[in-house]
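Coordinate-derived values only; no laboratory data. Everything quoted here is computed from the prediction, not taken from an experiment. We place every Cβ from the backbone using ideal geometry, glycine too, and count neighbours over all the protein chains shown.
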There are 2 protein chains.
Amino acid sequence: MMYGPGDVRVEDRPDPAIHKRTDAIIRLTATCVCGSDLWPYRGQDQVDGPAPMGHEYAGVVEEIGSEVTTVKPGDFVIGSFFASDNTCEICRAGYQSSCIHREPIGAIGTQAEMARIPLADGTLVATPGTPDAGLVPSFLAASDVLGTGWFAAVAAGAGPGKTVAVVGDGAVGLLGVLAAAQLGAERIIALSRHEPRQQLALQYGATDIVTERGDQGVARIKELTNGYGAHSIIEAVGTQESMMQAIRSARPGGHVGYVGVAHDVALPGDELFFSAVHLHGGPAPVRRFLPELIDLIWQRTIDPGKVFDLKLPLDDAAAAYQAMDERRAIKALLQP
Amino acid sequence: MMYGPGDVRVEDRPDPAIHKRTDAIIRLTATCVCGSDLWPYRGQDQVDGPAPMGHEYAGVVEEIGSEVTTVKPGDFVIGSFFASDNTCEICRAGYQSSCIHREPIGAIGTQAEMARIPLADGTLVATPGTPDAGLVPSFLAASDVLGTGWFAAVAAGAGPGKTVAVVGDGAVGLLGVLAAAQLGAERIIALSRHEPRQQLALQYGATDIVTERGDQGVARIKELTNGYGAHSIIEAVGTQESMMQAIRSARPGGHVGYVGVAHDVALPGDELFFSAVHLHGGPAPVRRFLPELIDLIWQRTIDPGKVFDLKLPLDDAAAAYQAMDERRAIKALLQP
């Protein structure tokens, strides 16, 4: 529970119960702290505390409502940070995070032992079997940061023959690198000045590391791309500076996929107009990619779980927030 | 020549000459006034007058530089408002209006009897033969407003099964309707409260007319699309209001193709983020579409020239500006 900026407490709450016939109750195997949880933690978003926290989850179904048919008790499941019906026109077009019946999981809070997941049929995807403990961090990553980085790479048009630049070296940016590599990008430029993150970016498929930021970062990317700019930019920060850096680093006709939750951003219309970029992003429709991502993890083709460089018991949630806030950890996994 | 806001004069100037071996000199058959020429005319863009005006042109090649190979004297040709080499990586990707060697034709001025066109091989496209006089307005439209409306429709993802809404009932918006229809859109909603423009929109393939603006316009489009919003929005105005109306009228995952030259526009990052739209636009790479558009006009499949509802001798250029400024004319053709 977040009581206010910098004030996270672990406390006993009543067990969740089925409210609607489409709900499921899951027992969390693992959960974690998101970069976006740091906005209220830092007082940059308002908190009406005490507020339940957490929207990433992987765990085992305990109980299902009477209308749930696609998952059953005992299944190991993963879902996204928005519950979605997966049947409306918006969902069917692949934008489940904008489902007309969506419910934010963050309001329920999955930094917990158990959680109620609405619209279970549309939201949850079961793994082929109970995963080895070693795969759990990767499945947890699929719930948000992997799915979000993947969406950003797709929105940025990453693929064969493309040069992709990644603005932001948090978990989402790093998994954007992984996604771009999986999608076949020819060259992947990671912007990072943090050595451990640079190393992980290289493991995930980055071909170049750029340490410059802002205008210098833009100039360096142009230099690496014959003056044209990159074809594809993944933006995974959400500030004015990072958005403008992303737009300016793209060549005309290039694609910017932006998934950093926008904070105090105002895009100047004239610069955007003459940049001639494609701009697409928003809350990632992670559900669209879950079946594919689960398969890649199950087959051990990808290892997104490496972004969890800190693992703590759920009871130490406050320490997990602190470590991420101080950038001592890329991402903290919590074990209930 | 524009001397200042509201002050357009026709005067004698020296004939243009070949400056570079890649130039061509054309004798204009027809030219016209663009909606974007009204920004300086209204004092909304600065004019360092006396400045040559005009960037739309169709005419006959008079003379070519020694390196020009794709057009020859006597050819009837059309080009776009940016000269482009059509060989750089940006051009080859279809973004000729951002060519690394681009030159703005507006700085040369085609509201004239003759004009020098740089990079003639990359810029000019010849028609299959000398067109009938009746086809000239349509070929002139291809130079900018048709190509721009077409690009907007492509950027908006207009096509079979799609509902397209068009914000802006100027020549570009109306030709965006035509383009959407040609691209196979299922439903085309034109926003207009001007009866003659509504009529032309219907002739060009609009299926619905919406007269409401701003939030009411958005609400009406949602009403017409089961609450989801349109799949595709063509934005052809360039103001804060029109851009926000376009973004808000699109469904999540939908596409906004924007070609109105942005004036005092700042897009709020958070609203854009949660809209989950695709945003693409800028100065239209008309050159990409010219061969196809010329063919459609030559075959008399489309008649974009109808947007010219006023035809005047070049000597009456001042009256042409005035008529468009007062919205008495959709678009004024000038005959040298």
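Here are a few things to note about the model shown:
- Net charge contributed by nearby residues that have their C-beta within less than 15 Å of B:Ala319 (K/R +1, D/E -1): -2
- Pairwise centroid distance, computed over Cα atoms, of the stretch B:1-66 with the stretch B:220-296, Å: 29
- Modelled spin labels at A:Thr301 and B:Asn226, positioned 7 Å past Cα toward Cβ, are 3.3 nm from each other.
- As a length-normalised measure over Cα pairs under 8 Å and 6 or more apart, the relative contact order of chain A settles at 19 percent.
- Ranked by the mean number of other Cβ atoms within 10 Å of their residues, highest first, the peptides B:49-57, B:132-140, A:63-71 fall in the order B:49-57, B:132-140, A:63-71.
- Remark: chain B is approximated by an ellipsoid whose semi-axes, taken from the C-alpha gyration tensor as √(5λ), come to 33, 21, 19 Å, largest first.
- In degrees, nearest ten, helix A:240-249 long axis to first principal axis of chain A (Cα): 50
- Each Lys or Arg adds one and each Asp or Glu takes one away; over the other residues whose Cβ falls under 12 Å from the Cβ of A:Asp45, this sums to -3.
- Pairwise label distance in nanometres, A:Val10 with B:Arg27, each label 7 Å out on the Cα-Cβ vector: 8.8
- Shape of the stretch A:149-281, Cα gyration tensor, a/c cut at 1.5: rounded
- When each of the peptides B:229-240, B:73-84 is scored by the mean number of other C-beta atoms lying within 10 Å of its residues, the order from highest to lowest reads B:229-240, B:73-84.
- Taking every DSSP bridge with both residues inside chain B, close to 45 percent are antiparallel.
- Between B:Asp309 and B:Arg213, the simple label model (points 7 Å from Cα in the Cβ direction) yields a spacing of 1.7 nm.
- 7 Å along Cα→Cβ, label-point gaps from B:Ala126 to other copies, nm, shortest first: 6.9
- Each Cα pair under 8 Å and six or more residues apart adds its sequence gap; the mean of these over the residue count of the stretch B:13-66 is a relative contact order of 56 percent.
- Under a model in which nothing but the beta-carbon of Lys, Arg (+1) and Asp, Glu (-1) is charged, chain B shows a dipole of about 760 debye around its Cα centre.
- Over the protein assembly as shown, DSSP H runs of length four or greater, each weighted -39,500 (n - 2.57), average out per residue to a 222 nm ellipticity of -8000 deg cm²/dmol.
- Partner chain coverage, peptide B:152-158 - average Cβ within 10 angstrom: 0
- Where a label projected 7 Å from the Cα of A:His194 along Cα→Cβ would reach, residues of the stretch A:1-44 with amide N under 19 Å: A:6, A:32-44
- A point 7 Å from Cα along Cα→Cβ stands in for A:Ala318, and the other copies hold the same point at 7.9 nm, listed in rising order.
- The slack in the chain from B:Ser66 to B:Asp264, taken as 0.36 nm per residue of separation less the alpha-carbon distance, amounts to 66.9 nm.
- Length-normalised contact order for the stretch A:149-281 - Cα pairs under 8 Å, 6+ apart - percent: 26
- Dipole of the stretch B:52-185, positive direction: furthest Cα of B:Gly59, B:Ala141, B:Gly74, with charges on the beta-carbon: B:Ala141
- For the stretch B:51-133: rounded, prolate or oblate by the Cα gyration tensor [a/c cutoff 1.5]: oblate
- At 7 Å out from Cα toward Cβ: B:Gln46 inter-copy label distances (nm, ascending): 4.1
- The antiparallel fraction among DSSP beta bridges confined to the protein assembly as shown stands at about 50%.
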